[in-house]
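Single-structure report; data block below.
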Amino acid sequence: MTGRPLIGVSTYLEAGARWGVWELEAALLPAGYPRLVQRAGALAAMLPPDDPVHAAAAVARLDGLVIAGGPDVEPVRYGARPDPRTGPPSRARDAWELALIEAALTAGIPLLGICRGMQLLNIAVGGTLVQHIDGHTKAPGAFGRHPVKPVPGTRYADAVPEETSVPTYHHQSVDRLGKGLVASAHAADGTVEAIELASAGWVLGIQWHPEMGEDVRVMRALVRAASAGRAQGLC
Ligand SMILES: NCCCC(=O)O
């Protein structure tokens, strides 16, 4: 099979978005996500929340999947009571994105979780989150930067072998790793910054926001894996 692989990117519904003369409910995705997918050599398809029963059918049409950043996951999803600093739940989005992740893992298509997407990947395989950490978000809406160091020998280190400075915006982090996951990068304070499935298949989560930066290598690695699966007729 030839041509650009198709990468689905989860998308959210916003009650009141304003553009032109309109203020309406909208399906939104910061443009950095599709631009990053396109710069990495793939086509981007937006995937707004739907009935989770359709997740496998959606994934069957894709060569790869990105779960985008967003609000806190409802703590009941990882067996915890909400900390007062955890944001309000987005239940329909949680259900849809967890179903997409489970479908991608079952189908064996390459998967990249970004920020919330990494946290959801961890939860999907039984992991838990720290509900609040200090120091990774400076002010509401303001992305910070900090260094991230790869763990040698991991899939992440294959794509990005050196320590890099990454754009970041989060107040939660991975606590207990889910089944089959290993940590593949850390911040200087020890926060887990990347996770991946150690077994076969290309499944990676990163805590930072590559769509806000210049470094396209992680997305290129996803697109390469998606192209390889497409060439073998696996996707
Ligand atoms: N918890 C949602 C992803 C971003 C954050 O940790 O703030």
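The numbers here are math on the coordinates, done by the rules we state, and not lab data. Nothing here was measured: the structure is a model prediction, and the numbers come from that model. Virtual Cβ from ideal backbone geometry, glycine too; neighbours counted across all protein chains shown.
Annotation: amide H of G64 within the under-5 Å range of L6, G8, sequence separation 5 or more or interchain, hydrogens built in the peptide plane. Return the whole-Å distance between the Cα centroid of segment 122-167 and the Cα centroid of segment 63-99. Cα centres, segment 122-167 to segment 63-99: 17 Å.
Evaluated with a Cβ-only charge set (Lys, Arg +1; Asp, Glu -1), segment 81-235 carries a dipole of roughly 280 debye about its Cα centre, given to the nearest 20. Here the relative contact order of segment 6-234, from alpha carbon pairs under 8 Å that lie six or more residues apart, stands at 20 percent.
Can you list which of the trypsin sites (Lys or Arg not before Pro) found in segment 76-106 are DSSP loop residues with at most 13 other C-beta atoms within 10 Å? Those that pass, being in a loop and sparsely packed, are R85. Name the shape class, rounded, prolate or oblate, that the alpha-carbon gyration tensor gives for segment 78-235, where a ≥ b ≥ c are the square roots of its eigenvalues, rounded holds for a/c under 1.5, and otherwise prolate holds if a/b is larger than b/c and oblate otherwise. Oblate shape, in that a/c is at least 1.5 and b/c is the bigger or equal ratio.
Along the Cα-to-C-beta direction of E14, a point sits 7 Å from the Cα; which residues of segment 125-154 have their amide N less than 19 Å from that point? It comes to 139-144, nothing else. Ranked for footprinting exposure by Cβ neighbours inside 10 Å, fewest first, S90, S165, S184 give S165, S90, S184. Legend: ranking of residues E211, E193 from fewest to most surrounding C-beta atoms inside 10 Å; resulting order E211, E193. Amide H contacts of A185 (H built 1.01 Å from N, in plane; Pro and chain starts excluded): V151, E193, A194 sit under 5 Å, all sequence-distant by 5 or more or on other chains. Comparing mean-square fluctuations of A159, A42, A26 from a GNM of the chain with C-alpha springs under 10 Å, the top value falls on A26.
This ranking places M212, M118 by how few other beta-carbon atoms lie within 10 Å of each, fewest first, which gives M212, M118.
Listed peptides 171-177, 186-192 appear in the order 171-177, 186-192 once ranked by packing, highest mean of other Cβ atoms within 10 Å at the front. In summary, no helical segment of the chain meets the span-like criteria, namely a full DSSP H run, a Cα extent along the axis of 30 angstrom or more and a mean Kyte-Doolittle hydropathy of at least -1.0.
Quick one: of the DSSP bridges fully inside the chain, what percent are antiparallel, nearest 5? Rounded to the nearest five, the antiparallel share is 60 percent.
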